[in-house]
Amino acid sequence: MSLEGFGRYEVQVVVLVLFVAVLLLGIADSMVNSYIVLFGADVVGLTPFQIGVWSSVFAIGGIVISWWLGRLFDHRPTRTYAVAVILLGSAGYVLLPRVSSFIVLLLMAVTVLGAMAAAFPQLFSLARAVLGEGAAGQRSGPLLRAAWSLAWAVGPLLGALVLSRGGYSWLLWTAAGVFLVSALTVLVVPRPGPVAVARSAPGGTPVLLTVSITLFFTAMFAGGLALPLFVTRALHQEAASVGVLSSVCAAIEVVVTLGLAALPARVGQRGLIVGGFGAFVCYYALTVVSSSLLMLVIGQVLRGVAIAIVGAAGIRYFQDLLAPATGRATTLFTNACTAGLLVSGILSGLAVEHLGYRATLLLCGVLAALGGVAFALGSARRPAESRHTAKMRDSI
């Protein structure tokens, strides 16, 4: 069913349920992923190379499963896919503390744990399918992205508390329990009704736009790996200052994404996203010349603005552009993010080793600039929104 014909109260309830589902998913995800590398090294005894291979296999499994389920969702929108992958991931994290074989870890990464990566695009697709293509559906992306940012602001702290009290086993089991509650919350969302199936999205796959998003997230993840080393070793700041910077960035993300949700539908997304790329370039430029914690904090404000805009408005832009292929659009965006994660590990490692911290951060700024150029060129070749979305908006 679609809620476009329902009252404001019903729509608000559904948005709240989806917000809670994404919040719980993000809290569990941040609890796990903030410490999974340490779990692999300290508990399982994996070498840095094995951890890298494990992370890459996890990312590849997530890309493949997300792509497959995104296609299925466009042909038959349902809550089942989101619930299924979250439950699979929950079961995987229950079993993970008992696994010591590297081969078994790889098999889990490409199946039950990798499947969890599909939950994020599935929930965003579900929101668009249930809320429709009107104002509520279009604002769902920024709102749910705000829930994700909020989750990552509190999840690592909660994970640290559980880890200090019960060790890695209880950390993973607690995350599994939160995943389970998230899956149960999704079942409260109304079943989406049938939608018009796009056999071929307008203009086909937006290659330049996808490349631009990949470049953005490559710069984000690579910079995220280099920044703690730059702050503690080059600037000689305390290790705790890294946590301060992360908290500032997360707080700004939440505020900006909520602001995006409140923007009128007539505000063009293309200009916002190009501005987001620009803010990211400015962040790296400021960070490279930073000599104090205050300058780094100001840089994190720019970073939070950039991630919020590209992360939230970007999903909405892809959904509008490829409507009604919501599943394909959301999965394409999130897989571009995952591809950036894949590339960033190797890129940042080689760059830090051979070029140093400042040069690595400068390289990330160059990647962000290239991503902005690619997005500007790719979006200039096509309308800012699909004809389908324009017709739906005109009918509001």
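Any read-out appearing in this document is the output of simple, stated calculations on the displayed coordinates, not a laboratory observation. Note that the structure is predicted; figures quoted are calculated from it, not measured. Don't worry about glycine lacking a Cβ; one is built from the backbone with ideal geometry, like all the others, and counts go over all protein chains shown.
In the chain, the calculated helix contribution to ellipticity at 222 nm averages -26500 deg cm²/dmol per residue, counting -39,500 (n - 2.57) for every DSSP H run with n ≥ 4. Basic side chains Lys and Arg get +1 at the Cβ, acidic Asp and Glu get -1 at the Cβ, and with that the dipole of the chain about its Cα centre reaches some 760 debye. Taking θ as phi - 60° and the Karplus parameters 6.51, -1.76 and 1.60, the scalar couplings of segment 92-98 work out to x, 6, 5, 7, 4, x, 9 Hz in sequence order, x denoting glycine and proline. Taking other C-beta atoms within 10 Å as the exposure proxy, 353, 253 rank 353, 253 from fewest upward.
Neighbour counting of Cβ atoms within 10 Å sorts the residues 78, 205, fewest neighbours leading, into 205, 78. Across segment 323-337, the residues whose backbone nitrogen lies under 19 Å from the label position 7 Å along the beta-carbon direction of residue 72 are 325-335.
Dipole of the chain computed with +1 at Lys/Arg Cβ and -1 at Asp/Glu Cβ about the Cα centre; of 55, 250, 311, farthest Cα towards the positive end is 311. Per-residue extension of 0.36 nm, minus the Cα-Cα distance of residue 262 and residue 95, leaves a gain of 55.9 nm for this segment. The phi torsions of segment 243-260, fed into the Karplus equation with coefficients 6.51, -1.76 and 1.60 and a -60° offset, translate into couplings of x, 4, 4, 5, 5, 4, 4, 5, 5, 5, 4, 4, 4, 5, 5, 5, x, 4 Hz, rounded to whole numbers, with Gly and Pro shown as x. Reported value for segment 99-144: 72 Å³ per residue, from the convex hull of its C-alpha atoms. Note on segment 264-329: percent of Cα-Cα distances in each 5 Å bin, starting at 0 and stopping at the bin with the largest distance, equals 4, 18, 21, 17, 14, 10, 7, 5, 3, 0.
With the simple model of a label 7 Å out from the Cα in the direction of the Cβ, residue 20 to residue 170 spans 2.7 nm.
Taking +1 at the Cβ of each Lys and Arg and -1 at the Cβ of each Asp and Glu, which of 372, 155, 177 sits farthest along the dipole of the chain towards its positive end, judged by Cα position relative to the Cα centre? So the residue we want is 372. Modelled spin labels at residue 350 and residue 233, positioned 7 Å past Cα toward Cβ, are 1.8 nm from each other. Shape summary: segment 8-186 maps onto an equivalent ellipsoid whose semi-axes, from the alpha-carbon gyration tensor, are 30, 18, 12 Å in decreasing order.
In this simple spin-label model, placing a label point 7 Å from the Cα along the Cα-to-Cβ direction at both residue 47 and residue 297 gives a separation of 4.3 nm. Subtracting the Cα-Cα distance of residue 38 and residue 359 from 0.36 nm times their residue separation leaves 112.9 nm of extension gain. By the compact-protein rule of thumb, 2.2 N^0.38 Å, the alpha-carbon radius of gyration of the chain corresponds to a ratio of 0.95.
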